[in-house]
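> Starting off with a structure, shown below.
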Amino acid sequence: MLLPVLGNVARSYALALDARPLLTNCITSSCLAVTADGIAQRLDVATETWDAERTAWMSVWGWLVSGVVFYVWLQLLNSMFPRAASSVLQLAGKVSFNQLVMSPMLNGGFFTFVIVTRVQPRGRMPAAKREMLRDKLARDLLPTIARSCTFWGVVQSVNFRFVPLRLQVLFSSSAYLVWQTYVSWVANRGLRRSAE
């Protein structure tokens with residue numbers, strides 16, 4: 001009973017990817033970001049109640065970054081390293097280039113996004129928030145990048161070698177569920193105490 005349903009879902013998803021790849025990837029990535037943040041909130045013992053606003057902001061991040069940016073980025077990487085699926089040298093170059101560019105940008109960007117959207121005054125960066133961001137980046141960015149390179153190096157090696165281009169955003173976004181759970185926990189860790 002379950003297999004035919006899963007088969008129908010997979011076919012419908014493939015048709016949606018063919019018809020509207022960017023929109024489909026954005027919706028998928030947004031849903032996975034919401035799920036990741038939900039898991040991160042459950043893991044955070046300091047979070048006593050569900051923070052729906054935080055989850056809403058994570059859906060925005062998922063839509064814009066995991067959906068739009070990953071989609072465009074993976075297209076660009078594919079054109080720069082067209083033989084990564086068959087050449088170990090191109091695969092190593094593609095994975096390395098991806099990590100060198102995306103890891104600092106995405107992780108630093110995510111920490112910035114969380115502080116801009118979660119700490120009062122929201123949407124602005126007065127001196128106190130800039131100082132909070134500097135402290136956050138100094139404390140957590142390099143360790144997060146190191147973990148990111150380990151995690152994403154393995155994930156993207158599999159992705160770039162074995163997954164067809166049209167499914168690479170889905171594969172990345174699915175792995176991002178695990179990564180964003182971790183990075184959401186790191187980004188929001190201590191934020192409530194800092195904001196009070």
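The values are calculated or read from the model by the stated rules, or taken from the named source; none is laboratory data. Quick caveat: nothing in here was measured; it's all calculated off a predicted structure. Because the Cβ atoms are built from the backbone with ideal geometry, glycine has one as well, and the counts that use them run over all protein chains shown. When the accessible area is computed, the model is the full protein with side chains, heavy atoms only, and any ligands, DNA or RNA have been set aside. Shrake-Rupley method; radii C 1.70, N 1.55, O 1.52, S 1.80 Å.
> With everything on Cα atoms, drop me the angle between helix 52-61 and the longest principal axis of the chain, reported from 0 to 90° to the nearest 10.
The angle comes out near 50 degrees.
> In addition: List the residues of segment 77-92 whose backbone N lies under 20 Å from a point placed 7 Å from the Cα of LEU100 along the Cα-to-Cβ direction.
77-85, 87-92
> Let me know the whole percent of all Cα-Cα pairs from segment 1-102 that are separated by more than 21 Å.
For segment 1-102, the fraction of Cα-Cα distances above 21 Å is 56 percent.
> If you don't mind, there's one more thing I want to ask. Which longest uninterrupted range of the chain lacks any trypsin sites (Lys or Arg not before Pro) assigned by DSSP to a loop state (not H, G, I, E or B) and surrounded by at most 14 other Cβ atoms within 10 Å? Let's see the in-between values first.
Working: sites that count: ARG83, ARG122, ARG124.
No qualifying site falls inside 1-82, the longest such stretch.
> Next up: Want the number for ALA138 to ALA19: 0.36 nm per residue separation, take away the alpha-carbon distance, what's left?
Gain on extension, ALA138 to ALA19, equals 38.5 nm.
> Go ahead and collect, in residue order, the members of segment 123-157 whose backbone nitrogen is under 16 Å from a label point 7 Å along the Cα-Cβ direction of THR117.
123-125, by backbone N distance to the label point.
> Tell me the per residue accessible area of the chain using a 1.4 Å probe; a whole number in Å² is fine.
Working: 10470 Å² over 196 residues.
On a per-residue basis, 53 Å².
> If you line up the long axis of helix 70-80 against the longest principal axis of the chain, both from Cα atoms, how many degrees apart are they, to the nearest 10?
50 degrees
> Using every Cα-Cα pair within the chain, state what percent have a distance larger than 21 Å.
Result: 55 percent of Cα pairs exceed 21 Å.
> Label 7 Å along Cα→Cβ of SER87; segment 137-168 residues with amide nitrogen under 15 Å?
161
> What is the mean projected area of the alpha carbon convex hull for segment 82-153, to one decimal in square nanometres?
5.7 nm²
> Rounded to the nearest 500, what is the 222 nm mean residue ellipticity of the chain from helices alone, with -39500 (n - 2.57) per DSSP H run of 4+ residues and division by all residues?
Here the helix-only value at 222 nm equals -26000 deg cm²/dmol.
> Continuing with this model, one more query. Can you list the equivalent-ellipsoid semi-axes of segment 106-196, largest first and in whole Å, using the square root of 5 times each Cα gyration tensor eigenvalue?
Here the semi-axes work out to 30, 13, 10 Å.
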